[in-house]
Amino acid sequence: MKKAIVLLLALAMALSLIACGGTKTATTSASPAASAAASVAAGGKIGIAMPTKSLERWNRDGSFLQKQFEAKGYTVDLVYSDNNASKQVSDIENLIADKVNLLVIAAIDGDSLSTVLQTAADAKIPVISYDRLIMNTSAISYYVSFDNYTVGKLQGQYVIDTLKLDLKDTSKHYNIEFTAGDPADNNAGFFFNGAYDTLKPYLDAGILKVPSGQTTFTAVATAKWDTPTAMNRMQNILASYYAGGTQLDVALCSNDSTALGVTQAIGSDYKGKNSVLITGQDGDEANLKNIVDGKQSMTVYKAVANEAVVTVDLAVAILGGKKPDDSLITSAGWKFKCTYDTKSYDNKKGIVPSYLLVPTVVTKDNIKTELVDTGYYTMGSDGYPKAVK
Ligand code: BGC
């Protein structure tokens, strides 16, 4: 019995020494940069807050980030907050209480994190705003995303190219309806504006018409990017404006979760015989299946594996006490394009330095070369691409 107690005590002492060692290296230093440098050597802890598992891409983001941080010797606390903004606040509070050395956050509501991020700033925890810009706080160090306005521009340009729209030929006209994303997500306005600005000359010329008259971001937004919400809205539009045989030519959808709902509504409630041009974004598996089957026309693909690479390299640099800028792009040796932007993203407390990756258009014709041959997806035995996580 005595022997067992002695052994247990020895074990407890050894464990507490390990624990002290970890804590000590992570917190001794006065400046955040220096303490960060120490935590790299010790293998620090990264807190990752993702919005929800119910939107496909965030599962990929979370998994890539976790694996890549772990491969560099960090431990990871990865949380999902069920698309519930107040849950995300308390999840981040818990990460801070757990003494993470750095936070990577994809906000559910970009405007609701100011208070919790002040706590992070007080604890000298650097924060990377991941994919979605966090607003109204000076506590974020950097923003990593894709060029969001370009995502919308690519969708708009795809419509112009596919329908061969020509401002000099006003004899033809096409009907279009817009579906945008969540107003709480700062990206959503960028996507919508990129598409709308690109198509505006054709709308002004009457070549494109919007029978529902819904052309503002607020009118076409989809709370939480929710598929059934997008479906219900499109069903209402079809019933109100297309029931009399009006042809719908284009459904400009900002992303794949909304495109999925819109495609369902068109499948069930649209009476026309033409195939409707439908845009999307992300390369969600269900949407790639629809693209292969000819039910969705395109998606704007964003290689989130690379977005994770940029985030991890940036985090390592921050934790190493550096002040990363555009030189990170060359020193990291990434094989994909990325720009350092110090102009475009103002979160109402100032411009947030941003690393922006480049999105790509994916259609039935290049699905294999862009997604499968590049290794982002494998081709399933059913003939549909499956995302590699
Ligand atoms: C992302 C998109 C995604 C949407 C819904 C946006 O912030 O940039 O890729 O489709 O959220 O998850």
- Message: Take Leu117 and tell me if it is aliphatic (A, V, I, L, M), within 16 Å of the ligand (Cβ to nearest atom) and part of a helix (DSSP H, G or I).
- Response: no
- Item | Out of Thr198, Thr179, sole residue that is polar (S, T, N, Q) and within 15 Å of the ligand (Cβ to nearest atom) | Thr179
- Is it the case that Ala230 is at pLDDT 95 or above, farther than 25 Å from Ala286 by Cβ and assigned to a helix (DSSP H, G or I)? no
- Reported set for region 350-374 where residues are touching a helix residue (DSSP H, G or I) at 6+ places or on another chain (Cβ under 9 Å) and in a loop (DSSP other than H, G, I, E, B) is Val358, Pro359, Lys364
- Note on the structure: Of the residues in region 78-137, those that are under 20 Å from Asn187 (Cα atoms), touching a strand residue (DSSP E or B) at 6+ places or on another chain (Cβ under 7 Å) and charged (D, E, K, R) come to Asp131
- Message: Yes or no: region 232-245 includes at least one residue that is open to solvent by less than 10 Å² (accessible area, probe 1.4 Å) and closer than 30 Å to Ser344 by Cα.
- Response: no
- Considering every residue within region 319-332, establish whether at least one is within 14 Å of the ligand (Cβ to nearest atom), modelled with pLDDT of 95 or more and either open to solvent by less than 10 Å² (accessible area, probe 1.4 Å) or within 16 Å of the chain's Cα centre (by Cα) (or both). no
- Of the residues in region 155-198, how many are open to solvent by less than 20 Å² (accessible area, probe 1.4 Å), under 20 Å from Pro211 (Cβ atoms) and assigned to a helix (DSSP H, G or I)? 6
- Applying the selection to region 298-314, what residues are away from the ligand (no atom under 12 Å from the Cβ) and either open to solvent by less than 10 Å² (accessible area, probe 1.4 Å) or in contact with a helix residue (DSSP H, G or I) (Cβ under 7 Å, 6 or more places away or on another chain) (or both)? Met298, Ala305, Ala308, Val309, Val310, Thr311, Val312, Asp313, Leu314
- Residue selected from region 281-297 under the condition in contact (Cβ under 8 Å) with a residue 60 or more places away in the chain and in a loop (DSSP other than H, G, I, E, B), by the criterion farthest from the ligand (Cβ to nearest atom): Gly294
- Query: Of all residues in region 39-68, which are away from the ligand (no atom under 16 Å from the Cβ) and either open to solvent by 50 Å² or more (accessible area, probe 1.4 Å) or farther than 18 Å from Val388 by Cβ (or both)?
  - Reply: Ser39, Val40, Ala41, Ala42, Gly43, Gly44, Lys45, Ile46, Gly47, Gln66, Lys67
- Confirm whether Val250 is open to solvent by less than 10 Å² (accessible area, probe 1.4 Å), touching a helix residue (DSSP H, G or I) at 6+ places or on another chain (Cβ under 7 Å) and within 14 Å of the ligand (Cβ to nearest atom). no
- Query: Out of the residues in region 69-98 that are more than 16 Å from the ligand (Cβ to nearest atom) and acidic (Asp, Glu), which is surrounded by the fewest Cβ atoms within 10 Å (Cβ to Cβ)?
  - Reply: Asp98
- Query: Consider Asp111 against the criteria (1) crowded, with 17+ Cβ neighbours inside 10 Å; (2) closer than 22 Å to Thr222 by Cβ; (3) within 16 Å of the ligand (Cβ to nearest atom): it satisfies all of them except one. Which criterion is unmet?
  - Reply: (1)
- Message: Which count do you get for residues in region 149-176 that are within 16 Å of the ligand (Cβ to nearest atom) and of a type in the set (A, V, I, L, M, F, W, C)?
- Response: 2
- Task: Would you mind stating whether Arg132 is open to solvent by less than 50 Å² (accessible area, probe 1.4 Å), within 15 Å of the ligand (Cβ to nearest atom) and touching an Asp or Glu at 6+ places or on another chain (Cβ under 8 Å)?
- Result: yes
- Those residues that are within 16 Å of the ligand (Cβ to nearest atom) and assigned to a helix (DSSP H, G or I), I need them from region 201-227; list them, please. Phe217, Val220, Ala223, Lys224, Trp225, Thr227
- How do the pairs read when you match residues in region 146-161 that are at positive phi with residues anywhere that are more than 16 Å from the ligand (Cβ to nearest atom) and among the polar types (S, T, N, Q), using Cβ under 6 Å and keeping only pairs 6 or more apart or on different chains? none
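The values are calculated or read from the model by the stated rules, or taken from the named source; none is laboratory data. On a predicted model such as this, the values are computed, not experimentally measured, just so you know. Positions of Cβ are backbone-derived with ideal geometry, glycine not excepted, and every protein chain shown enters the neighbour counts. We work out accessible area using only protein heavy atoms, side chains counted, and drop any ligands, DNA or RNA first. Shrake-Rupley method; radii C 1.70, N 1.55, O 1.52, S 1.80 Å.
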